[in-house]
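Enquirer: This is the structure I have questions about; it appears just below.
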Amino acid sequence: MLNKVLIANRGEIAIRIMRACKELGVSTVAVFSDADKNALFVRYADEKYNIGPGPASQSYLNKEKIIDVAIESKTEGIHPGYGFMAENAEFAEMCLKNGIEFIGPPINAMKLMCSKIDSKKSMIEAGVHVVPGVTEAISDHEKAKDIAHEIGYPVMLKASAGGGGIGIQMVENEQQIENALESVRQLAKNSFGDDSVFIEKFISDPRHIEFQVIGDKKDHLIHCFERECSVQRRHQKLIEETPSCALTPELREKMGKQAVLAAKTAGYYNAGTCEFMFKDGKYYFLEMNTRLQVEHPITEAITGIDLAREQLRVASGLELEYCQDDIHPRGHSIECRINAEDPLNNFQPAPGKIIKYAEPSGPGIRIDSGVYQGFTIPPFYDSMIAKLIIWAEDRPRAIERTKRALWEYQIGGVRHNIPFHQVVMNNSQWVSGKYDTSFIPRYNILDQVVEHVKEQKTQSSTPRTAAAMAAVQTVIIAASNAQHNK
């Protein structure tokens, strides 16, 4: 087992990994920016090193500085979490050259899967179902028009090196394709340093379903079932659940086998996620995320597998503790991403000081957070405050438990998106499980959230209601503080 691990990340994911390390007796090293000097993950670590100013480009994306800290602290492994260095093959190579274990997939697998064009070619050759399209970079306008005409409009222009919903544009007709191609290529170059763009069929209003895979260095690779990630805004996931309401046991088995085939084709080990689009009973491999996902806790909730622990064990050269037949999902789990956003300002990030903070608790509730009362959310990074993870025996009970937890959650001093989650949990289409990636615009969810926030403000201005809410908040905060002080 590795003796010491540096976590090249921040916030809740840094704490999540440190907790897995602590249970395995592994020492932890935190790297932090000036903006995070008072962060919870810094306090949690065994050792901590300042790596620069607040902007990520000067700190968490400074490869050389992180490697220097790893060498100075005699770290044996680096866990990148997600974002920042998580899918950076160059950083993984730097780790290898300095005798440091990169806690993630092999470099060749990262390079293959980080190129959507190359990975698509490999998947087709292996027999994985992919979205119809081409497997070459397109730069010529006329050729792009010919390909789009052959595939049939609408089509998607996608950056080969893209991720996080960046570098994707739908084109409805021939008149749009020239400007769209130039726009996506320029965005891809600016964002990823690679202007390669390819074309594939646009599948309207699919469901977004991903399968968790994990493997060891001895070619033992399994999947841990699916996660439904169709509640999205601007291609960014907001709510995830497992199992998916859309899959039959037969489809689940077929897609799981496809996910394992895709990972094996890439020569993969450690944790990763195979993403599929699903519509009308048909599924298409979309891409592979070569890292741990934000939403991994709901998989842990239904399987009982600690994915971060398995990552550390695999990186240490140990075999997986599970075979495919050992995993039997139980119950239902939902994750709500709690972000510092302003619902009344088009959900723009709303960093600032948290002056009141109390987390919900009780059976089936898990909170992965990196904040506390008095902490100032920096403006430089993702606006996530916490992840609310709910488990219950079935989906209806999971939804009801989520509603209760959202009602208990108290955050003051910054705007947040809890009202969004409350609106979704009460939406009949969501409750029925019959939704897809068009859910938010189709049902005007964001407009409903704005009205919900205004209604809450009106209610809280009523003296009796305000007093009742204050009493509830006092009890919850006192209980939360007592729990943290134990």
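The values are calculated or read from the model by the stated rules, or taken from the named source; none is laboratory data. None of the values given here were measured: they were computed from a predicted structure. Positions of Cβ are backbone-derived with ideal geometry, glycine not excepted, and every protein chain shown enters the neighbour counts.
Enquirer: Give the residue that is surrounded by the most Cβ atoms within 10 Å (Cβ to Cβ), with candidates limited to residues of segment 217-250 that are of a type in the set (Val, Ile, Thr) and outside any loop (DSSP other than H, G, I, E, B).
Expert: Per the stated criteria, the residue is 242.
Enquirer: Of everything in segment 282-323, what is touching a Leu at 6+ places or on another chain (Cβ under 8 Å), touching a residue at least 12 places away in the same chain (Cβ under 8 Å) and of a type outside the set (A, V, I, L, M)? Give them in sequence order.
Expert: Within segment 282-323, 283, 296, 299, 309, 310, 311, 313, 316 qualify.
Enquirer: Another question about this same structure. Taking the criterion of being touching a Phe, Trp or Tyr at 6+ places or on another chain (Cβ under 8 Å), β-branched (Val, Ile, Thr) and either over 25 Å from residue 32 (Cβ atoms) or part of a loop (DSSP other than H, G, I, E, B) (or both), would at least one residue in segment 354-363 satisfy it?
Expert: Scanning segment 354-363, I find at least one residue that is touching a Phe, Trp or Tyr at 6+ places or on another chain (Cβ under 8 Å), β-branched (Val, Ile, Thr) and either over 25 Å from residue 32 (Cβ atoms) or part of a loop (DSSP other than H, G, I, E, B) (or both), so the answer is yes.
Enquirer: Tell me, which residue of segment 312-328 that is of a type outside the set (Gly, Ala, Ser) and either part of a loop (DSSP other than H, G, I, E, B) or in contact with a Ser or Thr (Cβ under 6 Å, 6 or more places away or on another chain) (or both) is surrounded by the most Cβ atoms within 10 Å (Cβ to Cβ)?
Expert: Here the answer is 320.
Enquirer: So which residues in segment 7-27 are buried (at least 20 other Cβ atoms within 10 Å of the Cβ) and either closer than 18 Å to residue 67 by Cα or without any contact (Cβ under 8 Å) to a residue 12 or more places away in the chain (or both)?
Expert: 7, 8, 9, 10, 14
Enquirer: Looking at 254, 189, which one is among the charged types (D, E, K, R), more than 25 Å from residue 389 (Cβ to Cβ), at pLDDT below 95 and part of a helix (DSSP H, G or I)?
Expert: Residue meeting the stated conditions: 189.
Enquirer: Next question, about the same structure. Just give me the residues in segment 70-83 being under 25 Å from residue 369 (Cβ atoms), out of contact with any helix residue (DSSP H, G or I) (no Cβ under 7 Å at 6 or more places or on another chain) and modelled with pLDDT of 95 or more, in sequence order.
Expert: 80, the sole residue that qualifies.
Enquirer: Output the residues belonging to segment 141-160 that are more than 26 Å from the chain's Cα centre (by Cα) and either modelled with pLDDT under 90 or outside any loop (DSSP other than H, G, I, E, B) (or both).
Expert: If the condition is that a residue be more than 26 Å from the chain's Cα centre (by Cα) and either modelled with pLDDT under 90 or outside any loop (DSSP other than H, G, I, E, B) (or both), then 141, 142, 143, 144, 145, 146, 147, 148, 149, 150, 151 are the ones that fit.
Enquirer: On to the next question. So which residues in segment 358-375 are of a type in the set (S, T, N, Q) and in contact with a strand residue (DSSP E or B) (Cβ under 7 Å, 6 or more places away or on another chain), if there are any at all?
Expert: Across segment 358-375, the qualifying residues are 369, 373.
Enquirer: Next up: Is there any pair with a first residue in segment 48-71 that is assigned by TED's automatic domain parsing to the domain that holds residue 82 and in contact (Cβ under 8 Å) with a residue 12 or more places away in the chain and a second that is buried (at least 20 other Cβ atoms within 10 Å of the Cβ) and among the basic types (Lys, Arg) whose Cβ atoms are under 7 Å apart and which are 6 or more apart or on different chains, and what are they?
Expert: Close Cβ pairs (under 7 Å, with a partner that is buried (at least 20 other Cβ atoms within 10 Å of the Cβ) and among the basic types (Lys, Arg)) amount to 60/10.
Enquirer: Looking at segment 165-186, is at least one residue of a type in the set (Lys, Arg) and in contact with a helix residue (DSSP H, G or I) (Cβ under 7 Å, 6 or more places away or on another chain)?
Expert: no
Enquirer: Inside segment 329-347, can you point out the residues that are in a loop (DSSP other than H, G, I, E, B) and either of a type in the set (Lys, Arg) or within 18 Å of residue 358 (Cα to Cα) (or both)?
Expert: 330, 340
Enquirer: Please count how many residues of segment 372-399 are more than 22 Å from the chain's Cα centre (by Cα) and either under 21 Å from residue 455 (Cβ atoms) or aromatic (Phe, Trp, Tyr) (or both).
Expert: 1
Enquirer: Continuing with this model, one more query. Where the second residue is part of a loop (DSSP other than H, G, I, E, B) and among the basic types (Lys, Arg) and the first is over 14 Å from residue 223 (Cβ atoms) and lies in segment 253-281, which pairs have Cβ atoms under 6 Å and are six or more apart or on separate chains?
Expert: Nothing qualifies.
Enquirer: Scan segment 77-99 for residues that are of a type outside the set (Lys, Arg) and either more than 24 Å from residue 12 (Cβ to Cβ) or assigned by TED's automatic domain parsing to the domain that holds residue 294 (or both) and jot them down.
Expert: 89, 90, 93, 94, 96, 98, 99
Residues checked against (1) part of a helix (DSSP H, G or I); (2) modelled with pLDDT of 95 or more; (3) surrounded by fewer than 17 Cβ atoms within 10 Å (Cβ to Cβ); (4) of a type in the set (Ser, Thr, Tyr):
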residue	(1), (2), (3), (4)
5	no, yes, no, no
29	no, yes, no, no
35	yes, yes, no, no
38	no, yes, yes, no
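Enquirer: Test residue 336 against the stated conditions and say whether it is under 25 Å from residue 434 (Cβ atoms) and not assigned by TED's automatic domain parsing to the domain that holds residue 162.
Expert: yes
Enquirer: Could you check segment 265-308 and list, in sequence order, the residues that are assigned to a helix (DSSP H, G or I) and within 18 Å of the chain's Cα centre (by Cα)?
Expert: Once the filter is applied, which keeps residues that are assigned to a helix (DSSP H, G or I) and within 18 Å of the chain's Cα centre (by Cα), segment 265-308 yields 296, 297, 298, 299, 300, 301, 302, 307, 308.
Enquirer: Could you check residue 237 against (1) closer than 26 Å to residue 310 by Cα; (2) touching a helix residue (DSSP H, G or I) at 6+ places or on another chain (Cβ under 9 Å) and say which number it fails?
Expert: Answer for residue 237: the failing condition is (2).
Enquirer: Looking at this structure, is residue 76 closer than 25 Å to residue 269 by Cα and among the charged types (D, E, K, R)?
Expert: Against the criterion (closer than 25 Å to residue 269 by Cα and among the charged types (D, E, K, R)), residue 76 qualifies.
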